[in-house]
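Rule-based calculations on the coordinates, nothing more; no lab input. Computed from a predicted structure; not experimentally measured. Cβ sites come from the backbone with ideal geometry, for glycine too, and all protein chains shown count toward neighbours.
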């Protein structure tokens, strides 16, 4: 009898060991899969952020192109008229307020808005900029250059005469005050460092301002130069294991990097795996002891297993839930209190669709039905979810159909809060298509809307140019001019229809698109409203000022080329100006550059 008991114990131990081995193997496989998903998500986020960085760089070049389109330059050494234009441009620009200059194609100075504080002509930072322009690219970007302790980036565009590059217009920005740097600082975290570095490895934007202008870690710089890695793992001098996600190929040879410790990158996934391994080992030991003595009753084992399960998710940063076939919450991890602000157990028994935003509810129900229709299906979705205080936040969900799993018999949901990342991406996307001063769509956004409308219907295009704006700007200063433009934008917004598009396309130029309009009477009525609205006095800094407006009208039939429609409205506007005494003729060869 005793031998048979020992045989039973040995058999039980062997079975437990086998089960434990399988558990360790499954846990290891799950950890690898989670690592792959985490790396893919991190890579996609880095690529998306790097793309937005590149768009911001090209937008700055677009501002220089707009300046060229609005100004005729002499391009002679020391030209006073060119210098005056550059001084006015730098004073108005939010990007190149540090200064602007004209140089020859071989790097010799023609004129500048600044008398001092310019990078030397032999500064190595100029090399990438001129190399890009020589290769025929429409814009060039320098490496970071230091002048009197100020870190500068130069952006250059070719100035063409007779269709050939004649010189280079260059804008200088203080990288410490750029929009990219400001946004990067708002995303500062104790967990990771975000950095944008130039071709030499100098940091041009960073979530830690004290690192601005320093060299990025040599291991990351080597990976950028080698161009063969996206995930770079290395150790610091102190022995800390680090990992960097590197995205190359930005304009000017710049690169994007997100750097953090390996431990923080692996995060809760590895912590859970280690905890689970320890738990499995403890279960094996407990099982052996239980078989060697008397064993524990089934109810006690289940209760302790539940307690261990709760402990695994008590402090997890993600939210874990189990839903039944109707979408009701059968289990919600204790982290719901920290992540969503609901008390532990408060969500159990309620429908998950009750806390989903109404805009996403129907879509989520549809996807839930798709998930239930396929065994072992896994879906990844994003939607807004109501927190305990009534605020809606963006979450990313991984939903797994485990209805066939007898231990779960439900749909397992893993969710994490991505509100900050969504807000950052949406803000950058908005800035890329809107005018910073008035908040109106910019030229690029307007051209996209015009092209889309003309593919389906005719569009009336009204080109509005302010009369008398420059005297106001000269008499009261640029701040008053900016305030006047904002008030003009408000009055124009009040004139248009709900489906119309109003955009600011230049210094004091606006465009209105009226989809579906082909009657001259409609455009004439709109022009009259605009002239009346802008003809009323404006209160600027305690002073009443008056301006006017010249409105060019063009009725573009469907399928018309958008650029042709815009040029026609522009020419119509200048015809209006020519019909008024005292307004100059437009300069020959005048052109506009896209925002």
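Restricting to Cα atoms and excluding each atom paired with itself, what does the Kirkwood estimate give for the stretch 434-578 in Å?
Its Kirkwood hydrodynamic radius stands at 15.3 Å.
So what is the 222 nm mean residue ellipticity for the chain from helices alone, if each DSSP H run of at least 4 adds -39500 (n - 2.57) and you divide by all residues, rounding to the nearest 500 deg cm²/dmol?
So the helix-based figure for the chain works out to -15000 deg cm²/dmol.
Test of understanding: ordering 198, 122, 417 by Cβ neighbours within 10 Å, fewest first, what list do you get?
Fewest-to-most ranking of 198, 122, 417: 122, 417, 198.
Order of 490-500, 452-462, 150-160, 372-382 by packing, highest average Cβ count within 10 Å first?
150-160, 452-462, 490-500, 372-382
If eta is 1.567 mPa s and T is 4 °C, what Stokes-Einstein diffusion coefficient results for the chain, Kirkwood Rh from Cα pairs, in µm²/s?
So the translational diffusion coefficient is about 45 µm²/s.
If you fit an axis through the alpha-carbon atoms of helix 419-433 and take the longest principal axis of the Cα set of the chain, what angle between them do you get, 0 to 90°, nearest 10?
With both axes taken from Cα atoms, the answer is about 20 degrees.
Helix 2-70 versus the longest principal axis of the chain: what angle, 0 to 90°, nearest 10, using Cα atoms?
0
Going by average Cβ density within 10 Å per residue, which order do the peptides 326-333, 113-120, 401-408 take, highest to lowest?
Listed from highest to lowest mean packing, they are 326-333, 113-120, 401-408.
Using a 10 Å cut-off around each Cβ, can you sort 132, 103 from fewest to most neighbouring Cβ atoms?
The order, fewest Cβ neighbours first, is 132, 103.
Report, to the nearest 10°, how far helix 358-373 tilts away from the longest principal axis of the Cα atoms in the chain, using its own Cα long axis and a range of 0 to 90°.
40
What's the ranking of 433-444, 535-546 by average number of surrounding C-beta atoms within 10 Å, highest first?
So the peptides 433-444, 535-546, ranked by packing, come out 433-444, 535-546.
Please report how far the C-alpha centroid of the stretch 522-547 lies from that of the stretch 382-449, rounded to the nearest whole angstrom.
When both Cα centres are located, 41 Å separates them.
Hey, rough spin-label estimate for residue 40 and residue 389, points 7 angstrom out along Cα→Cβ, what's it come to in nanometres?
Placing both labels 7 Å beyond Cα along the Cβ direction yields 3.5 nm.
Test of understanding: ordering 280, 172 by Cβ neighbours within 10 Å, fewest first, what list do you get?
If I rank by nearby Cβ atoms, fewest first, I get 280, 172.
Give me the distance between the Cα centres of the stretch 53-117 and the stretch 162-186, rounded to whole Å.
Spelled out, the Cα-based centre of one part sits 10 Å from the other.
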